[in-house]
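First comes the structure, then the notes that go with it.
The values are calculated or read from the model by the stated rules, or taken from the named source; none is laboratory data. On a predicted model such as this, the values are computed, not experimentally measured, just so you know. For neighbour counting, all protein chains shown are included, and Cβ atoms are generated from backbone atoms with ideal geometry for every residue, glycine included. What goes into the accessible areas is simple: the full protein's heavy atoms, side chains included, and nothing from ligands, DNA or RNA. Shrake-Rupley method; radii C 1.70, N 1.55, O 1.52, S 1.80 Å.
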Amino acid sequence: MKGVLLTGFEPLDGGGNPSWEAISLVPGVRTALLPCRFGEMLERLRAAVAEHDPAVVVCVGQAGGRPDVTVERVAVNLDDACVPDSAGRQPIDEPVVRGGPAAYFATLPVKACVAAARAVGVPASVSQSAGTFLCNHLFYGLMHLIATERPGVRGGFVHLPYSPEQVLGEARPSMPVPVSAQALTAIVTTAVSVSLGGDLRLVGGSLH
């Protein structure tokens, strides 16, 4: 697991972010805390990858409203921010990487990772979209870095639900941080153990 780098986000609005809390509970991995700022987060990611030279990189973020852990399949070359980042920047219809391809697939064994999380009792599913905000920006930036400079590295993105503390008094889905960490531990263990290009042949698609 020392060949694994996990990244989490700082809170966007001061309200907490379970991504950093959860990855801090995953044993034996390297971690990096990234700002919720377009561009700067990719610079921090690049520095962390250069420092730790990992074989696997899993970036982790929050997807408020989702009820389960979701392993992302596709990163798109689009920033279309519905709200500003923590520096007040709000790019609309801009590429993450000018001149980059339209999209990248994760190189994690996405379905095997989902199955591993489920096997330890944590609800999980495949996601076909990481949105067009900060999480997708980071996911695309990671996959572009891998494709252009570090082709031997396996990478991807995982979204976590809100923590219970974030939704007190609200009827919104949440997941305790230790449970999210349990899922992440299973996911990165699987990412390390499954050969590059291998995955399970399971249903993971959706109608819409």
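Output the number of the condition that Gln128 fails; it satisfies all remaining conditions of (1) modelled with pLDDT of 95 or more; (2) in contact with a strand residue (DSSP E or B) (Cβ under 8 Å, 6 or more places away or on another chain); (3) buried (at least 17 other Cβ atoms within 10 Å of the Cβ).
Evaluating Gln128 over (1) modelled with pLDDT of 95 or more; (2) in contact with a strand residue (DSSP E or B) (Cβ under 8 Å, 6 or more places away or on another chain); (3) buried (at least 17 other Cβ atoms within 10 Å of the Cβ) leaves (3) as the failure.
Looking at Val122, Val179, Val114 in this structure, which one is free of Cβ contacts under 8 Å to residues at least 60 places away in the same chain, out of contact with any Phe, Trp or Tyr (no Cβ under 9 Å at 6 or more places or on another chain) and β-branched (Val, Ile, Thr)?
The match here is Val179.
Looking only at residues in region 66-94 that are within 30 Å of Ala116 (Cβ to Cβ) and open to solvent by less than 40 Å² (accessible area, probe 1.4 Å), which one is farthest from the chain's Cα centre (by Cα)?
Asn77
Could you tell me whether region 51-67 includes any residue that is in contact with a Ser or Thr (Cβ under 7 Å, 6 or more places away or on another chain), closer than 20 Å to Thr7 by Cβ and among the polar types (S, T, N, Q)?
Checked region 51-67: at least one residue is in contact with a Ser or Thr (Cβ under 7 Å, 6 or more places away or on another chain), closer than 20 Å to Thr7 by Cβ and among the polar types (S, T, N, Q).
Quick check on region 31-40. Is at least one of its residues part of a strand (DSSP E or B), of a type outside the set (Gly, Ala, Ser) and surrounded by 17 or more Cβ atoms within 10 Å (Cβ to Cβ)?
For region 31-40, residues part of a strand (DSSP E or B), of a type outside the set (Gly, Ala, Ser) and surrounded by 17 or more Cβ atoms within 10 Å (Cβ to Cβ): present.
Looking at Val203, Val194, Val97, Val122 in this structure, which one is open to solvent by less than 60 Å² (accessible area, probe 1.4 Å) and modelled with pLDDT under 95?
Selected residue: Val194, the only one of Val203, Val194, Val97, Val122 that is open to solvent by less than 60 Å² (accessible area, probe 1.4 Å) and modelled with pLDDT under 95.
If you go through region 1-42 one residue at a time, how many are at pLDDT 95 or above and of a type in the set (Lys, Arg)?
Count: 2.
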